[in-house]
Structure formats: C-alpha cells, structure tokens
Amino acid sequence: MQYKVIAIDGPAGAGKSTIAKLVADKINYTYIDSGAMYRALTLKVLESSMDLQDKEAIIGISEIVDIDFKEKSIYLDGEVVDKQIREERINKNVSYISAIPEVRRNIVQLQRRISQGKNVVMDGRDVGTVIFPNAFLKFFITASLEERAKRRCTEIEDNGTQADLHDIKSQIEKRDYIDTNREDSPLIQAEDAILIDSSGKSIEEVLKEVLTYIASNGGKIDVV
Ligand code: DC
C-alpha cells in the first residue's frame, strides 16, 4: 500500500495546526505537528542549561534526542511534554535553534521516520518543500500579521493568562523574519501548494475549503 502525506505549511498563527488536526480526523489520517518536534528539542536544550551559543552541543543533542507522538501527545525522552513545549521560553528560542542546518537535517530524518507506514497530515514550515517534496497534496495557509497576532492573544487569554497584542505582534514578526530569512529551508510556499488566506475566515470555512480540495482530488481520499 502506498501511504500518502498531506502537507500544510505557513507562518506562525495562521491556523495551520487547528486545520491540520481537523483534516486528519476527517480523513482518518495521523496528524503530525513538525513544529512541536523543534519545540521539544528546544525544551531539551534549555533543560540541559547549556550555552545557547554552543551550536555544536545543540547539534549533538539533536542527534540523540528521543521524540515521539502517541495518542495525540508528544513525548520527549519518554515523557509527555505537551504543555511545556508551549511555554514562553520555548517561543523565544525555537526559531534560533531550528535555523541551525545540522539540527534541521537530524529533525527532518526523524520527521520522515515517524511518518513511515502511515497516512499523514503534517503541518509546519517546510513540509511540502523539504520533508516531503512529493507529498500527495500541499497547502500553504497564511493570514495577515494583525489577524495572526489577535488569534494568538485570544488563545493565550483563553488559557487564563494576560496577553499584550503589541508584544505578541512583534514576537510573531520576529519569528516570521527568522523563519523566512534563514538560509536552510526557509518558510516559502511550494510551487505546487494551494494557497489559502485565512484572514477573515472562520475555522469551519477554511476546513471546508481544504476538504473540498481533498475530495476533488480524484476521490483518492475518503472524507468521512
Ligand atoms: O509551528 P510552530 O510555531 O509550533 O513552530 C515552532 C518553530 O519551529 C517555528 O518558529 C519554526 C520551526 N519550524 C520549522 O523550522 N520547520 C517546521 N517544519 C516546523 C517548525
């Protein structure tokens, strides 16, 4: 049996993971959050209290790090770290660590290995360009900076923490800049990706758009 990959790329806060999870459920595929893997690695680096300037040491950790997904949770060295990888200290450092080319090489290998033998919906920045350039279908989901910052604010406030729109906006802008301008696998839309601008659209509307593309693809995937 030939397994399929659906790639969903785009900038931070565009709604990719929400959409990717819903799509995976609808078509009975496994959802893999590729960004969560960089976040888990970042957590391990920070917990090791190493010098963040020591790229060799970070690369060394990326060679041996044990990251896995089970029942919708991410495991780092055998422990669930779903909450820890969303902490502020991770947001602040993940783009720097994920820009190191050798780190990317190791994590991409891991992302491919984890996807083996499954039908997968994977979201990230380079899923359709680098991890799976032959993905069955590719989407690039984006939204205006203003809207992405507002969504992040709501998300943080819904979790019971105060959020400052101005701060969040500049943080997202900074992350966009690093992700888009890094030399190795920058965030770009794959030539054959379907572009969806989610600004002003509800989750349901975007989900419907994605599922329509999937369903119109020769009926090769059953939407349930
Ligand atoms: O999707 P996210 O915000 O959780 O991703 C966290 C960081 O990981 C993001 O700033 C860039 C990096 N990333 C990446 O470089 N390549 C991916 N495929 C996914 C994420």
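The numbers here are math on the coordinates, done by the rules we state, and not lab data. In this text the structure is predicted, and so the values were computed from the model without any measurement. As a convention, Cβ positions derive from the backbone with ideal geometry for all residues, glycine included, and neighbour counts pool all protein chains shown.
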Could you pull out every residue, at least 5 positions away or on a different chain, whose amide H is within less than 5 Å of the one on ILE196? Hs are placed 1.01 Å off N in the peptide plane, and Pro or chain starts have none. PHE140, ILE141, THR142
List the lysines whose Cα sits under 29 Å from the Cα of LYS201, skipping any in the same chain fewer than 8 residues away. LYS4, LYS16, LYS21, LYS26, LYS72, LYS83, LYS92, LYS138, LYS150, LYS169, LYS174, LYS220
Calculate the length of the line joining the C-alpha centroid of segment 9-45 to that of segment 105-184, in whole Å. 7 Å
For a protection proxy built on the mean count of beta-carbon atoms within 10 angstrom, sort 96-106, 71-81 highest first, please. 96-106, 71-81
Determine the calculated [θ] at 222 nm for the chain from helices alone, applying -39500 (n - 2.57) to every DSSP H run no shorter than 4 residues and normalising by the residue count; nearest 500 deg cm²/dmol. -15000 deg cm²/dmol
Whole-Hz ³J(HN,Hα) from phi, Karplus 6.51 cos²θ - 1.76 cosθ + 1.60, for segment 19-32, glycine and proline x: 5, 4, 4, 5, 4, 4, 4, 5, 10, 6, 9, 8, 8, 10
Rg followed by Dmax, in Å, when the chain is reduced to its Cα trace: 17.0, 51
What residues have an amide H closer than 5 Å to that of ILE32, excluding those fewer than 5 places away on the same chain, when H is modeled at 1.01 Å from N in the peptide plane? VAL121, MET122, ASP123
Pick out which of GLY128, GLY200, GLY13 has the largest mean-square fluctuation in a Gaussian network model of the chain, springs linking Cα atoms closer than 10 Å. GLY200
Length added when fully stretched, ILE194-ARG112, from 0.36 nm per residue minus Cα-Cα: 27.3 nm
Which whole-percent values make up P(r) of segment 1-96 when all C-alpha to C-alpha distances are grouped in 5 Å steps starting at zero? 2, 12, 21, 21, 18, 13, 7, 3, 1, 0
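Ranking TYR38, TYR31 by Cβ neighbours within 10 Å, fewest first, what do you get?
By the 10 Å Cβ count, ascending, the order reads TYR31, TYR38.
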If you build a Gaussian network model of the chain, linking Cα atoms that sit under 10 Å apart, which residue out of LYS70, LYS201, LYS44 swings the most? LYS70
Enumerate the calculated ³J(HN,Hα) couplings along segment 98-114 in order (Karplus 6.51 cos²θ - 1.76 cosθ + 1.60, θ = phi - 60°), each rounded to whole Hz, writing x wherever the residue is Gly or Pro. 6, 8, 6, x, 5, 5, 4, 4, 5, 6, 4, 4, 5, 5, 5, 5, 5
If packing is taken as the average count of other Cβ atoms within 10 Å, what order do 139-146, 51-58 fall into, highest mean first? 139-146, 51-58
Report the residues of segment 158-202 in range of a label on SER144: point 7 Å along Cα→C-beta, backbone N strictly under 20 Å from it. 164-177, 195-202
Using the Karplus equation 6.51 cos²θ - 1.76 cosθ + 1.60 (θ = phi - 60°), what ³J(HN,Hα) coupling, rounded to whole Hz, does each residue of segment 137-144 give in order, writing x for Gly and Pro? 9, 10, 10, 10, 9, 10, 6, 5
Assign one of three labels to segment 108-164, namely rounded, prolate or oblate, based on the Cα gyration tensor with a ≥ b ≥ c the square roots of its eigenvalues; rounded applies when a/c is under 1.5, prolate when it is not and a/b is larger than b/c, and oblate otherwise. prolate
